[in-house]
Amino acid sequence: MNSLLASIESYRTALVDVVSETIWPTRCAVCDVPGEVLCDQCRRELPYIDWWRACPRCGSPFGAIQCCECNDVMLAAAGRSAPGYDGCASAVLYGDAAARIVRTWKDAGDRALSAAMARIMAPYALPTWLEKRPVIVGIPASRAARRARGFDHGAELALALAHELDLPVAYALDHPRSLDQRTLGRRGRIANMSERFSMSEAAQDIVRQAASVILVDDVHTTGSTLFAAADALHAAGVQNVWALTFARVL
């Protein structure tokens, strides 16, 4: 009986998928052509960041020689003497294409894009990070964002990246008590995220499993979210915290 019910459920799911794809065919988030959530041409034409030209500390796309983002002046404006993380990398520049992908994923609810984004991000995780077998930790969505969207985009991106890199994932950060960062300017973002993350019970598991973490987010703007999350992880005893994002705002 159980096998029969399982077969019926499998056929029902397949039928729903076929009908849904017929009525609402999958379209590329960038060019809107039917077929895939991100077509091969649009994926190839994304403005990928050259790691060799990027700042080795904060990942700013053109900061290899002299960074305009994590210098003493910019950090002092954020009330810091150093970034919260030990290193950072981003896969693409945040422009029209990346913005379409992020909006379609987060606001339109095309959750299959998390896997496509993770595949793009995975090569940017440095070998020196991976040799320590770090735990993947996502930046959790606020409770308001999760209610509005119906899913936690941060958790799903972290899970997809962990699958790509064959690394463990942990949900170590509690949902932040903060406003949507997209509505705020630079100073507002910094103030909004200051000490906004607290550790879940899983934090102790992270420390026991590994001394290193790759912190995952969709977009690096001012760095305030990543800084606050990295501070919380360091405070819990995590030795190395690196950050990896899909896109980076210039």
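The values are calculated or read from the model by the stated rules, or taken from the named source; none is laboratory data. Computed from a predicted model, the values in this text were never measured in an experiment. Reconstructed Cβ throughout: ideal geometry from the backbone, glycine too, with neighbour counts over all protein chains shown. The protein model used for the area step is the full one, side chains on, heavy atoms only, and it has no ligands, DNA or RNA in it. Shrake-Rupley method; radii C 1.70, N 1.55, O 1.52, S 1.80 Å.
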Next item on the list: Specify the residue that is modelled with the lowest pLDDT; the eligible residues are those in segment 147-182 that are assigned to a loop (DSSP other than H, G, I, E, B), more than 19 Å from Tyr124 (Cβ to Cβ) and hydrophobic (A, V, I, L, M, F, W, C).
Entry: Leu179
Margin query: Could you tell me how many of the residues in segment 12-33 are surrounded by 10 or more Cβ atoms within 10 Å (Cβ to Cβ), at pLDDT 50 or above and out of contact with any Pro (no Cβ under 9 Å at 6 or more places or on another chain)?
Written below: 6
Notebook entry, point to check: Which residues, counting only those in segment 112-123, are in contact with a strand residue (DSSP E or B) (Cβ under 8 Å, 6 or more places away or on another chain) and either within 21 Å of Gly150 (Cβ to Cβ) or buried (at least 23 other Cβ atoms within 10 Å of the Cβ) (or both)?
Noted result: Met117, Met121
Checklist line | Single unsatisfied condition, Val135 versus (1) buried (at least 22 other Cβ atoms within 10 Å of the Cβ); (2) aliphatic (A, V, I, L, M); (3) under 13 Å from the mean Cα position of the chain (by Cα) | finding: (3)
Notebook entry, point to check: Do we have any residue at all in segment 95-105 that's outside any helix (DSSP H, G or I) and at pLDDT 95 or above?
Noted result: yes
Next item on the list: Among the candidates Arg80, Arg43, single out the residue that is touching a residue at least 24 places away in the same chain (Cβ under 8 Å), not aliphatic (A, V, I, L, M) and not in a helix (DSSP H, G or I).
Entry: Arg80
Check: Out of (1) assigned to a helix (DSSP H, G or I); (2) modelled with pLDDT under 95; (3) surrounded by fewer than 18 Cβ atoms within 10 Å (Cβ to Cβ), what's the single condition that is false for Gly109?
Finding: (1)
Notebook entry, point to check: Conditions: (1) free of Cβ contacts under 8 Å to residues at least 40 places away in the same chain; (2) open to solvent by 60 Å² or more (accessible area, probe 1.4 Å). Met74 meets all but one. Number of the miss?
Noted result: (2)
Margin query: Can you report the number of residues in segment 183-223 which are crowded, with 18+ Cβ neighbours inside 10 Å, modelled with pLDDT of 80 or more and small (Gly, Ala, Ser)?
Written below: 3
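Conditions (1) open to solvent by 40 Å² or more (accessible area, probe 1.4 Å); (2) out of contact with any Lys or Arg (no Cβ under 9 Å at 6 or more places or on another chain); (3) at positive phi; (4) at pLDDT below 95, marked per residue:
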residue: Gly35; (1), (2), (3), (4): yes, no, yes, yes
residue: Asp40; (1), (2), (3), (4): yes, yes, no, no
residue: Trp52; (1), (2), (3), (4): yes, yes, no, yes
residue: Ala64; (1), (2), (3), (4): yes, no, no, yes
residue: Cys67; (1), (2), (3), (4): no, no, no, yes
residue: Ser81; (1), (2), (3), (4): yes, yes, no, yes
residue: Gly84; (1), (2), (3), (4): no, yes, no, yes
